[in-house]
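Read the structure below first, then the notes.
The values are calculated or read from the model by the stated rules, or taken from the named source; none is laboratory data. Note that this is a predicted model, so its numbers are computed, not measured. Please note: Cβ atoms are built from the backbone with ideal geometry, for glycine as well, and neighbour counts cover all protein chains shown. Protein only, heavy atoms only, side chains kept; ligands, DNA and RNA dropped before computing areas. Shrake-Rupley method; radii C 1.70, N 1.55, O 1.52, S 1.80 Å.
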Amino acid sequence: SQSLDFLATLLEEKNLARTKDPYLANIFAVDDDHDARKIIRSAMELVSLKITCAEDPKTTLAVLNEQKFDLIFIDVGLPEMNGFELCTKLRKLPEHKKTPVVFLTGAVTVQNRVQSSLSGGNDFIAKPFNLLELGVKALTWIFKGQLGML
């Protein structure tokens, strides 16, 4: 329902003129589970979006320090540091202060939802997720970023 509400906003002529082709967007995902990365990649391919993936926070920070992304998916349960700590660190990178961050986790608790916001996240999606839902979420956050609605 949030996506449909946003679609109405997006289709306003003044907003539509400010958007770019979402298929040019760069998306990044970090998840230590190979199968989860494969599913995230499939969801992005379903809506024709490009994605780069990593399996650990150290690699993620190195890549994010070198390249700008339009959307970042972060698993909460990562080795070395959790997803919330990673998000806090990436918010200190000049290129990613306002990049939309969506947390993905099987640990759906009120505490995790609150912590996702406190660490700088924009959204929170429970695993397992529907591939099409994740793809639509990605498109929604890309357009929100383009329109400065973060």
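Summary table
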{"quantity": "Carbon plus sulfur fraction of accessible area for the chain, probe 1.4 Å, in percent", "calculated": "53 percent"}
{"quantity": "Nearest 10 degrees, 0 to 90: helix 34-46 Cα axis against the chain principal axis", "calculated": "10 degrees"}
{"quantity": "Restricting region 79-125 to GluC sites (Glu not before Pro) in coil, as DSSP defines it, with at most 12 other Cβ within 10 Å", "calculated": "Glu80"}
{"quantity": "Loop sites in region 7-102: chymotrypsin sites (Phe, Trp or Tyr not before Pro), DSSP, at most 15 other Cβ within 10 Å", "calculated": "none"}
{"quantity": "Cα coordinate range in the chain, projected on the principal axes (Å, largest first)", "calculated": "46, 31, 28"}
{"quantity": "Length released on extending from Val63 to Lys20, taking residue separation times 0.36 nm less the Cα-Cα span", "calculated": "13.1 nm"}
{"quantity": "Dipole of the chain, positive direction: furthest Cα of Thr109, Val136, Leu64, with charges on the beta-carbon", "calculated": "Leu64"}
